[in-house]
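Here the structure is laid out as structure tokens; the discussion comes afterwards.
The values are calculated or read from the model by the stated rules, or taken from the named source; none is laboratory data. The structure displayed is predicted, hence computed values, not measured ones. Here the Cβ positions follow ideal geometry from the backbone for every residue, glycine too, while neighbour counts run over all protein chains shown.
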Amino acid sequence: MSKSNDSKYLDILLGYIRVCADYKPKLGHGAKAGYKLAEFKSIYGADPFYSWLGLDNPLMYAAHKAAGGMTSIYRQIGIGCEAIFRNILQDELGLDDQDVNWSYTITLADGRSKKLKLDACIPVARIRDTDRRRRIRNWIREAARRADVDTAVARTLRGVVFEIRQGYKSKDSKRQNADIANAAMAYTKGFLPCAGILSLQIDDEIAQRYRNERWVILTGLVGKTSRYDSFYGFCKEVVGYDLAVFFEQNSTILQKELEAVLTALLSPS
């Protein structure tokens, strides 16, 4: 595990977390940058009903900021982990930026084109190291077998694409349907779809629905785990980077940074 890479990965994640400290609530008005406390008091104070009830109280602003900021924290952590994982694939497997990004284009009902993408990709043929290429290929074959992918389909698989999440507890059917459509497209392009969940926070019903659609699900299991059910096991045993050790060794720094962000979000000012 390269210390220089560790430092690079830490800087990536901290950069995304720090963005959250500047979060300002939009208050349902769609303001791109959000509203500051003085603007909140002006808007809510000028609304007779809200002022009658005391909703122009600075504590209400703090509540709005904390609620939206919490969502922002989860989102930014997820985006940061996506970026780290793509960098790991490049550093450990000798892939370039184009290799680790995967997208496809669909045609909408009005004739316009729309580009859709997943978070990361491993195209087996692009891995130069023979042992690592063999290890990835063997993992894909066994993961496909465990996912009950038809043998004829499994033989066509030439890589794996990933949807990376910090957790997945949302019951958003639109998001689920989009992921299922992504999986179907991945198979048509010869890629095994895999959901990499860095935590243990995934709804059981959602996980089962994805498995029924032949997604491979890797979660945040640590310790004595399998490369076929643990994202950290996959990173360590298949890709060659111990991501769990990275998070453990940098836990104090990450916790301190997150506490600073939460303190800023919980303050009315």
* Quick one: which residue in Asp131, Asp91 is of a type in the set (D, E, K, R), in contact with a Ser or Thr (Cβ under 8 Å, 6 or more places away or on another chain) and over 23 Å from Ala178 (Cα atoms)? => Asp91
* To do: For the stretch 13-36, enumerate the residues that are among the β-branched types (Val, Ile, Thr) and surrounded by 18 or more Cβ atoms within 10 Å (Cβ to Cβ).
  => Ile17
* Asked: Where residues in the stretch 103-134 are assigned to a strand (DSSP E or B) and modelled with pLDDT of 95 or more, which of them is farthest from Asn5 (Cα to Cα)?
  -> Pro123
* Asked: Across the stretch 201-255, what is the total count of residues that are of a type in the set (Val, Ile, Thr), farther than 16 Å from Glu142 by Cβ and not in a loop (DSSP other than H, G, I, E, B)?
  -> 6
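Per-residue answers, yes or no, for (1) surrounded by 21 or more Cβ atoms within 10 Å (Cβ to Cβ); (2) in contact with a helix residue (DSSP H, G or I) (Cβ under 8 Å, 6 or more places away or on another chain); (3) farther than 14 Å from Val161 by Cα:
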residue: Ala195; (1), (2), (3): yes, yes, no
residue: Asp204; (1), (2), (3): no, no, yes
residue: Asn212; (1), (2), (3): no, no, yes
residue: Val222; (1), (2), (3): no, yes, yes
residue: Asp229; (1), (2), (3): no, no, yes
residue: Tyr232; (1), (2), (3): yes, yes, yes
* Which numbered condition Ala31 fails, given (1) over 26 Å from Leu254 (Cα atoms); (2) modelled with pLDDT of 90 or more -> (2)
* With the condition kept exactly as written, say whether any residue in the stretch 88-102 is in a strand (DSSP E or B) and within 26 Å of Asp11 (Cβ to Cβ). => yes
* To do: List every residue pair whose Cβ atoms lie under 6 Å apart, where the two residues are 6 or more positions apart in sequence or sit on different chains, the first residue falls within the stretch 104-123 and is over 16 Å from Ala178 (Cβ atoms), and the second residue, located anywhere, is surrounded by 15 or more Cβ atoms within 10 Å (Cβ to Cβ) and among the aromatic types (Phe, Trp, Tyr).
  => Ala120/Phe85; Ala120/Phe162; Cys121/Trp102
